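The values are calculated or read from the model by the stated rules, or taken from the named source; none is laboratory data. These figures come from a predicted structure and were not determined experimentally. A quick note on method: Cβ atoms are made from the backbone with ideal geometry, for glycine too, and the neighbour counts reach across all protein chains shown. Ligands, DNA and RNA are stripped out before the accessible areas are found, and what is left, the full protein with its side chains, is counted by its heavy atoms. Shrake-Rupley method; radii C 1.70, N 1.55, O 1.52, S 1.80 Å.
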Amino acid sequence: MSKKKVLVVDDSPTAMFMVTMILKREPYELVKAHDGQEAVEVAVLERPDLILMDVVMPRKTGFEACRELKQREDTKSIPVILVTTRGEGENVEAGFESGCNDYVTKPINAQELLAKVRDHIAG
Amino acid sequence: MKQSDHGAYVRKVQEGAQSFAHDLLGEIERLQVLVATLEAEIRAETRAYSSRYAEIELQNSNLANLYVASYRLHGTLDRQEVIDTIKEIIANLVGSEEAGLFELDPGKQSLELVASFGISPEACSSVPLGSGLIGRAAQTGEIYVADPGRPPAGAGLEGRLTACIPLSLDGRVTGAIAIFRLLPQKAGIEDLDRELFGLLATHAATALYCTTLHQRLAVA
């Protein structure tokens with residue numbers, strides 16, 4: 001059985017390293033992007049099974065990239081989990097308005113992240 | 001067989017059957033108690049296993065955090081990258097949106113702000129050693145963590161100081177990291193944060209020292 005592919009998007013090398021370490025414990029193939037613009041390009045090319053994306057990024061924010069991915073016919077069905085700095089109403093609302101399927105807040109809790117990724121990948 | 005003998009035989013059989021049924025009921029009861037005991041033991045063991053598993057998972061995550069911090073701090077010879085990494089550790093691993101990184105100016109005996117996020121740099125661009133919570137933490141070399149149950153101990157920007165980590169190298173304080181407000185969803189400083197502070201106290205100091213030295217050598 002082929003491994004499920006997860007696209008991890010973050011401009012912070014530390015956060016990217018952290019998330020990669022957590023997800024490496026599961027049988028996923030990881031692909032990376034470093035900003036929202038690159039995320040859209042990689043998603044179109046790689047067709048991941050799930051996208052885990054930071055919100056605050058250069059070139060294109062996580063909200064903008066998510067909105068674009070959900071508008072495109074070829075990527076709209078890919079579940080997107082946003083990593084937000086704030087778990088407050090306004091920020092979460094903006095995330096869901098952009099079309100994201102779920103969100104996790106910083107600092108990332110490994111168990112919570114793995115549970116959400118497993119959940120959304122299982123469909 | 002005579003009728004009296006037949007009656008005695010039937011009674012004997014009945015008594016035997018009653019005794020057997022009684023023994024059987026006793027055995028069933030004994031087995032029911034045994035099953036209930038075993039079920040309770042299995043439930044307790046499952047609970048203990050789940051709790052131990054969760055504990056190991058947490059330890060695993062905590063170690064991963066410490067590993068990431070250490071790996072990132074020592075993975076470069078670029079001073080700016082070390083500074084960025086310190087900021088990323090505070091933002092992503094500790095969970096703060098306001099922090100400042102200071103380096104000691106031995107000549108002026110003050111802490112000079114070299115990087116910050118979420119705060120106005122003018123508010124704490126220079127802190128005299130021994131002055132205020134940040135200056136005192138740097139002077140004593142002791143990590144300061146605010147007590148959430150008490151009113152703020154500092155004034156102005158220091159009024160929202162959550163922690164101050166003196167950076168030390170070879171027994172000498174070389175700077176400090178001041179962490180102000182935590183992210184709203186972060187309830188407070190946890191055990192892992194304290195371990196991260198301990199790691200930052202020495203590893204951030206070493207990384208800053210090495211990269212600064214490398215930068216000077218490269219220029220020379």
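Overview of results
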{"read-out": "Considering residues of segment A:54-89 that are within 11 Å of chain B (Cβ to nearest Cβ) and surrounded by fewer than 17 Cβ atoms within 10 Å (Cβ to Cβ) only, the residue modelled with the highest pLDDT", "value": "A:V56"}
{"read-out": "Members of segment B:97-107 that are away from chain A (no Cβ under 14 Å) and open to solvent by 20 Å² or more (accessible area, probe 1.4 Å)", "value": "B:E103, B:L104, B:D105, B:P106, B:G107"}
{"read-out": "Conditions (1) within 11 Å of chain B (Cβ to nearest Cβ); (2) touching a residue at least 40 places away in the same chain (Cβ under 8 Å); number of the one not met by A:K5", "value": "(1)"}
{"read-out": "Positions within segment B:63-96 being open to solvent by less than 20 Å² (accessible area, probe 1.4 Å) and farther than 25 Å from B:R181 by Cβ, in sequence order", "value": "B:A64"}
{"read-out": "Residues of segment A:37-91 satisfying the condition of being over 13 Å from the mean Cα position of the chain (by Cα), in contact (Cβ under 8 Å) with a residue 40 or more places away in the chain and within 28 Å of B:P184 (Cα to Cα)", "value": "A:P58"}
{"read-out": "Subset tally (residues that are open to solvent by 70 Å² or more (accessible area, probe 1.4 Å) and within 14 Å of chain A (Cβ to nearest Cβ)) for segment B:37-62", "value": "5"}
{"read-out": "Residue check for A:V92: at negative phi and modelled with pLDDT of 95 or more", "value": "no"}
{"read-out": "Cβ pairs under 6 Å, 6+ apart, first in segment A:17-29 and under 10 Å from A:L114 (Cα atoms) and within 9 Å of another protein chain (Cβ to nearest Cβ), second part of a helix (DSSP H, G or I) and open to solvent by less than 10 Å² (accessible area, probe 1.4 Å)", "value": "A:I22/A:A110; A:I22/A:L113"}
